[in-house]
Each structure stands twice: as C-alpha cells, then as structure tokens.
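Asks: Provided herewith is a single structure, encoded as structure tokens, for subsequent inquiry.
The values are calculated or read from the model by the stated rules, or taken from the named source; none is laboratory data. Predicted, not measured: the structure shown is a model, and the values here were computed from it. No Cβ is skipped: glycine too gets one built from the backbone with ideal geometry, and neighbour counts run over all protein chains shown.
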Amino acid sequence: MKLSEEEVRKITFEAISELGEKATPEAVKELVRKRVESMDSDYKYEKSDVSSGRVILTSFGLNHPGIVAGVTKAIGDANCDIQDLSQKILGDFFTMIMVIDISASQKDLKEIQEEMNKVAQLLKIKIYLQHEDVFRYMHRI
Amino acid sequence: MPYEFEEILETIRMTEIEHFDIRTVTMGISLRDCHDRNIEVTKQKIYDKILRYGKQHVKLAKEVESQYGISIANKRVSVTPISIPFDACNAEEFIEIAKTLDKAAEEIGIDYIAGYTALVQKGMTNGERELIKSIPYALSQTKRVCSSVNIGSTKAGINMDAVLMMAEVIKQTAEKTKDNDSIGCAKLVVFANAVEDNPFVAGAFHGVSEPEIVLNVGISGPGVVLEAIREAGNVDLQQLSEVIKKTIFKITRAGELIGRKVAEKNGIPFGIVDISLAPTPAEGDSIADILKAMGVEDVGAPGTTAALAMLNDSVKKAGLMASSSVGGMSGAFIPVSEDMGMIRAVQAGNLSLEKLEAMTSVCSVGLDMVAIPGDTAVTTIAGIIADEAAIGIINDKTTAVRIIPAYGKKIGDFVDYGGLLGKAPIMEVRKLSSAGFVGRGGRIPAPMRSLTN
C-alpha cells in the first residue's frame with residue numbers, strides 16, 4: 001500500500017484538528033497509523049475480490065547477460081509485484097516464468113504488454129504476458 | 001509456483017506455435033421483433049438492432065484476445081432465420097433485407113453475418129419459397145451475408161422438392177458470382193438436422209428457441225492435436241485416444257473461458273462452446289495431417305474413416321468433460337479448400353468425392369467447400385445433397401453440403417478465394433444420372449430412428 005506525501009499530510013492535518021487541544025506528537029502518530037491501517041484493510045478486501053490481478057509472464061530466447069535485470073526493471077517501473085519466479089537454462093536457451101500482480105500498477109495489461117514488447121526487442125528475447133485464468137482453466141480441474 | 005514450468009510452456013507452445021486460437025466468437029441476435037408492414041421500417045429495425053448489440057463486439061473481443069494471449073480468428077454475428085419473422089416478404093424484399101444485413105455487418109466491422117436461412121425439412125411457406133428464390137441474388141449482391149437452408153431432419157425426413165430447388169439455387173449462385181470463382185456458393189450451406197446454436201459461419205443461424213441475445217464460441221486447434229499425436233509416437237490406439245482427449249480438454253477449457261469473458265464484457269449471456277476441430281489453410285493446422293499422423297498414408301487410404309471416427313469421438317468425450325456448455329456441431333470439420341492436407345490429397349488423386357462422403361458419416365459436418373465442374377447437372381447436385389442428407393437423418397446427426405459447381409471450370413482447375421476460405425481443386429463427379437430419382441419429388445419419409453417415443 002503506497003500513499004502519496006500529500007495524502008499522508010492530509011490525514012495528519014485531519015488528525016490534528018480532530019484531537020484539538022490534546023494533540024501531542026504521540027497521539028497524532030497513533031491516530032494516523034490507525035487511519036492508514038483501516039484504509040489498508042479496505043484496499044485488501046477489494047484486491048482479494050478481484051482474483052484476477054495476476055498475470056503470467058513468460059520470457060525466452062538465447063541466453064546473454066542482463067535479461068533478468070532488464071525484465072525485472074521494466075516490471076518494477078510499471079509498479080507490478082513479482083510474486084513468483086522460476087528460471088531455467090536449457091543449453092543456450094534461457095527461459096523465465098514469473099507470476100506478477102499488476103493490480104497496483106497504474107497501467108493496464110495492454111500497456112504493460114506494450115512496455116514488455118519494447119524490452120523484448122531490446123534484449124532480443126520473446127516475452128508473453130497472459131492472464132492467469134487461462135492457465136488455471138487449462139491445467140486445473 | 002502455482003503452475004508447473006511445463007504447464008506454462010505447453011500453453012505458450014499451443015498459442016504461439018501450434019495455431020491454437022479461438023476460431024470464432026459469434027453473437028446470436030434475435031430479429032423476431034423486427035417485423036413491420038412497411039419494409040423500410042423493417043430494414044431500419046434490423047439495422048438498429050444489430051448495431052445496438054453488435055457495435056462493441058469486435059472491440060471487446062480484441063480486448064479479451066490481448067488479455068489472455070489467445071487470438072480470436074473471427075468475430076461474427078448470426079441472426080434469426082430471416083424467413084421466420086419476415087415470412088410476409090417477397091423475393092425483392094428479402095434481397096433488400098440481405099443488403100441491410102450486409103450494411104450492418106460492415107458497420108460493426110465483421111466479415112460475415114449468417115442467418116439468411118429457411119427451415120423447410122417438412123414443407124415450405126410462401127415466404128420460405130420466396131427467400132430460397134432470392135438466395136442467388138442476395139449472395140451475389142452482398143459481400144458478408146451467408147445463407148443456409150435445412151432440407152431434412154430425422155423427425156421429418158428429406159424434403160426432396162427443396163433438395164432439387166436448392167441444387168438449382170446453387171447452380172444459379174455459381175453463375176451469378178462467376179467472376180469471383182463462384183464465391184457465392186462458399187456462403188451457402190444446405191443442411192440436414194441443422195443445429196440452432198452453431199457458431200460457425202456460413203451455416204450459423206440464431207435458432208427460434210434461442211434467447212434474445214447470446215454469445216457462442218467455436219474453438220479450433222487441429223495444430224495442437226497434431227503435435228500431441230506426433231509427440232506421443234508409436235503408441236496403441238487406446239493410448240492415442242487418451243492423448244487426443246487430454247489436448248482437447250485443455251483447449252475446450254480455454255475456449256469456454258474466452259467465450260465467457262467476451263460475453264461478460266458485452267453484458268450478454270454465454271451460450272455454448274462448439275468443440276469442432278476446424279482447420280485453416282495455414283500449414284500444420286490440418287485435419288488431414290492429423291489423420292496421416294495417426295498412421296494412414298494419405299487421406300483417402302483405407303482406414304481413413306476409422307481414424308476420423310476415433311478422432312471425432314475422442315474430441316467429443318474430452319469436450320463434454322471439460323465444459324457443461326458443449327453445443328453446436330462439435331465434431332471435426334473436413335472442408336477441402338480450408339485444409340492444406342485435404343487439398344494435397346485431392347490433387348494427388350488419393351481422395352475422391354465418394355470417400356469424402358463416407359468420411360462425413362462419422363464426423364461433422366458434410367461435404368464442405370468442395371469444388372466440382374461447372375457443367376455438373378442440377379439433378380446430380382441434388383443427388384449429392386440427398387445422399388448427404390440421408391447420412392444425416394438416418395444417423396441422427398447434422399450433415400451439410402457446401403458445394404461449388406465452379407462456373408466454367410473443369411477437372412485440373414482451381415477455385416481460389418484466399419484467406420480462410422482457401423483454395424479448392426475441382427473434384428471429379430460421377431457422370432451417372434440421378435435425374436430419375438430426384439425428379440420424383442415429394443418427401444423421403446422420416447426414418448425408423450424418428451420414432452423414439
């Protein structure tokens with residue numbers, strides 16, 4: 001859960017005005033923490049409701065230095081969370097599969113796919129992003 | 001990791017290398033409330049209704065495509081059999097309606113709209129007779145409209161008057177579209193036991209028992225099955241059946257997911273997933289190649305029908321397990337022009353029309369995209385239709401004839417449409433006459449099979 005500086009400041013001011021005379025640094029801190037926590041739980045509830053925030057990223061191509069770095073940097077820049085990662089080298093071939101959560105990203109799947117296509121071109125590898133559901137449907141009864 | 005490495009790679013391999021795609025998402029739209037005394041009002045109602053439901057169809061399907069990484073080859077629309085709500089129309093008015101359908105299809109960005117249809121297995125109304133008369137004109141004056149006529153069913157028998165009429169209509173359509181290799185015939189299907197929820201154009205229509213609006217999906221995937229069979233190597237037929245079933249199970253599940261998501265995005269109910277294996281002219285996406293991988297030297301060799309029967313049965317068993325919404329045709333398609341392996345078998349002289357007919361008795365859907373000499377007699381075409389319909393009604397299955405008597409062409413020539421319709425070598429038809437039989441007219445009575453109560 002990330003809050004912008006402005007949001008934190010707003011919550012703090014609200015807390016100070018609410019506490020009025022009794023506003024000690026400790027009391028404010030406590031109130032702000034509670035406020036943020038309650039927001040956090042709301043957010044989590046929403047997130048679990050949408051089971052489908054996860055996508056599977058598959059990348060492969062000829063192995064060379066910098067692939068993992070390049071791919072993970074792009075994922076990080078898009079504010080996606082890597083939840084699982086598995087990587088293998090078969091001969092000269094590099095394969096990496098990741099489960100990433102894109103629900104916190106400002107970008108939608110299509111935009112992230114476009115970002116990844118750029119990375120794939122740069123690294124001379126192939127990257128596929130597919131929604132997790134398709135794997136669940138095909139491989140789990 | 002929630003999924004095995006191999007599982008994920010298998011899916012990627014299917015979608016990226018082995019041509020697994022969704023063949024079609026077809027939106028069925030009821031036009032039963034579109035009739036008006038004034039033909040202009042009728043046309044406007046039809047146009048408005050198709051646009052109201054279909055406007056977003058292509059866009060939303062594309063969104064689902066990119067979300068799941070599975071491409072959807074065709075986005076299409078089927079409508080209520082036109083002869084039913086507009087039974088009061090005459091041939092000229094039906095042609096006007098066809099043009100309206102064409103315009104609406106163009107506006108929503110789809111390549112085909114199907115349902116220029118009449119169901120006449122037992123007899124015809126005046127409207128149905130007019131619609132059938134109008135078919136050659138409608139198909140030659142529009143680009144996107146597809147037509148089908150049901151001339152037989154297990155419950156009703158075969159309407160032989162309609163069979164002869166349709167043979168004449170096919171010939172006329174071939175002539176009217178002679179400048180484009182008689183392409184009109186590629187958009188015209190003659191059915192026995194037509195199904196109401198078939199998503200596959202050209203034979204699709206939105207049956208009378210269907211809801212207001214529905215989304216049906218047709219899967220594809222011969223390439224995936226082919227690879228699985230090749231990988232299995234030299235195993236016995238029971239094991240081979242297992243291999244086919246496992247593969248089909250997975251692609252059916254994926255197909256249903258895609259169908260449900262497209263329906264959800266459109267905010268309309270999901271109907272069925274049609275598990276037919278539908279080939280495309282792309283290399284490796286061929287039913288013929290599957291049969292060869294199963295062990296026959298080429299399509300047409302003795303054993304072909306048995307191999308196809310087993311393939312088709314395995315497909316059904318797996319599909320039924322994978323989804324509770326299996327419907328439509330749900331068998332393997334063996335069109336000639338749309339399958340590189342079939343084209344090659346015909347060219348090599350290994351596959352005859354008669355063997356093809358035998359094969360259609362164990363799979364869906366019939367003599368499909370078969371080109372024959374342009375000078376083939378109407379009564380001979382009627383005989384071919386009657387034979388297929390007989391296979392259908394006796395075995396209680398759907399059969400169809402989509403045959404192209406290519407105007408001005410003879411053995412050794414080709415019709416070439418490009419795209420998904422592909423190209424077909426002209427096949428030899430026996431010169432023996434069927435005129436005496438089909439000329440009798442009347443109806444072949446419903447078979448024993450119809451008395452199941």
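Asks: For B:I132, work out the one condition from (1) crowded, with 22+ Cβ neighbours inside 10 Å; (2) within 29 Å of B:N266 (Cα to Cα) it doesn't fulfil.
Replies: Among (1) crowded, with 22+ Cβ neighbours inside 10 Å; (2) within 29 Å of B:N266 (Cα to Cα), B:I132 violates only (2).
Asks: Since B:D289 meets every condition but one in (1) surrounded by 24 or more Cβ atoms within 10 Å (Cβ to Cβ); (2) under 24 Å from B:A61 (Cβ atoms); (3) not hydrophobic (A, V, I, L, M, F, W, C), which condition does it not meet?
Replies: So B:D289 meets the others, but not (2).
Rundown of residues vs (1) touching a residue at least 12 places away in the same chain (Cβ under 8 Å); (2) aliphatic (A, V, I, L, M), yes/no style:
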residue: A:P65; (1), (2): no, no
residue: A:D81; (1), (2): yes, no
residue: A:F93; (1), (2): yes, no
residue: A:M96; (1), (2): yes, yes
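Asks: Quick one: in segment B:234-254, which of the residues that are within 14 Å of chain A (Cβ to nearest Cβ) and among the charged types (D, E, K, R) is nearest to B:I290 (Cα to Cα)?
Replies: B:K245
Asks: Out of all the residues in segment B:1-51, which are assigned to a helix (DSSP H, G or I), among the acidic types (D, E) and out of contact with any strand residue (DSSP E or B) (no Cβ under 9 Å at 6 or more places or on another chain)?
Replies: Hits for segment B:1-51 are B:E6, B:E7, B:E10, B:E40, B:D48.
Asks: Just name the residue that is surrounded by the fewest Cβ atoms within 10 Å (Cβ to Cβ) out of those in segment A:105-141 that are among the hydroxyl-bearing types (S, T, Y) and more than 23 Å from A:G61 (Cα to Cα).
Replies: Ranking the candidates gives A:S105 first.
Asks: Return yes when B:T142 is at pLDDT 95 or above and over 26 Å from B:I393 (Cα atoms) and no when it is not.
Replies: In short, yes.
Asks: Sticking with this structure for a sec: What number goes with the only condition from (1) more than 14 Å from chain A (Cβ to nearest Cβ); (2) under 26 Å from B:G327 (Cβ atoms); (3) of a type outside the set (S, T, Y) that B:R37 does not pass?
Replies: In the conditions (1) more than 14 Å from chain A (Cβ to nearest Cβ); (2) under 26 Å from B:G327 (Cβ atoms); (3) of a type outside the set (S, T, Y), B:R37 misses (2) alone.
Asks: Separate question: Counting just the residues of segment A:74-102 that are small (G, A, S) and surrounded by 17 or more Cβ atoms within 10 Å (Cβ to Cβ), which one comes out farthest from A:N63 (Cα to Cα)?
Replies: The extreme case among them is A:A78.
Asks: Please go through segment B:154-174 and pick out each residue that is surrounded by fewer than 24 Cβ atoms within 10 Å (Cβ to Cβ) and assigned to a strand (DSSP E or B).
Replies: Matches in segment B:154-174: B:G157 only.
Asks: With under 23 Å from B:P2 (Cβ atoms) and at pLDDT 90 or above as the only criterion, which of A:S86, A:S105 stands out?
Replies: A:S86
Asks: Let me ask another. Checking B:S83 against (1) in contact (Cβ under 8 Å) with a residue 60 or more places away in the chain; (2) among the polar types (S, T, N, Q); (3) over 14 Å from B:A202 (Cα atoms); (4) not in a helix (DSSP H, G or I), which test does it fail?
Replies: (1)
Asks: Still on this model: Take B:V401 and decide whether it is assigned by TED's automatic domain parsing to the domain that holds B:V315, assigned to a loop (DSSP other than H, G, I, E, B) and closer than 23 Å to B:G184 by Cβ.
Replies: Judged against the criteria, B:V401 is not a match.
Asks: Let me ask another. Restricting to segment B:14-33, count the residues that are surrounded by fewer than 23 Cβ atoms within 10 Å (Cβ to Cβ) and either over 27 Å from the mean Cα position of the chain (by Cα) or at pLDDT 90 or above (or both).
Replies: Residues meeting the conditions: 4.
Asks: Okay, moving on. Is there a residue being modelled with pLDDT of 95 or more, assigned by TED's automatic domain parsing to the domain that holds B:I183 and β-branched (V, I, T) anywhere in segment B:62-77?
Replies: Yes, the conditions are met somewhere in segment B:62-77.
Asks: Is it the case, given these coordinates, that A:L109 is more than 10 Å from chain B (Cβ to nearest Cβ) and of a type outside the set (F, W, Y)?
Replies: no
Asks: Could you grab me the full set of residues in segment B:175-188 that are crowded, with 24+ Cβ neighbours inside 10 Å and more than 18 Å from B:G115 (Cα to Cα)?
Replies: B:D181, B:S182
Asks: Can you tell me which of B:S71, B:S66 is hydroxyl-bearing (S, T, Y), within 14 Å of another protein chain (Cβ to nearest Cβ) and without any contact (Cβ under 8 Å) to a residue 24 or more places away in the chain?
Replies: After applying the criteria, what remains is B:S66.
Asks: Within segment A:112-141, restricting attention to residues that are farther than 20 Å from A:G53 by Cα and either among the acidic types (D, E) or touching a Gly at 6+ places or on another chain (Cβ under 9 Å) (or both), which residue is farthest from the other protein chains (Cβ to nearest Cβ)?
Replies: A:L122
Asks: Tally time: how many residues in segment B:210-236 are exposed (fewer than 13 other Cβ atoms within 10 Å of the Cβ) and in contact (Cβ under 8 Å) with a residue 24 or more places away in the chain?
Replies: Qualifying residue count for the region: 2.
Asks: A further question on this structure: Within segment B:428-453, work out how many residues are outside any loop (DSSP other than H, G, I, E, B), surrounded by 11 or more Cβ atoms within 10 Å (Cβ to Cβ) and at pLDDT 95 or above.
Replies: 5
Asks: Inspect segment A:79-90 for any residue being away from chain B (no Cβ under 11 Å) and assigned to a helix (DSSP H, G or I) and give the result as yes or no.
Replies: Scanning segment A:79-90, I find no residue that is away from chain B (no Cβ under 11 Å) and assigned to a helix (DSSP H, G or I), so the answer is no.
Asks: Counting just the residues of segment A:113-137 that are of a type in the set (A, V, I, L, M, F, W, C) and not in a helix (DSSP H, G or I), which one comes out farthest from A:A69 (Cα to Cα)?
Replies: A:L129
Asks: Go through segment B:142-152 and give me each residue that's crowded, with 24+ Cβ neighbours inside 10 Å and over 11 Å from B:V190 (Cα atoms).
Replies: B:V145, B:C146
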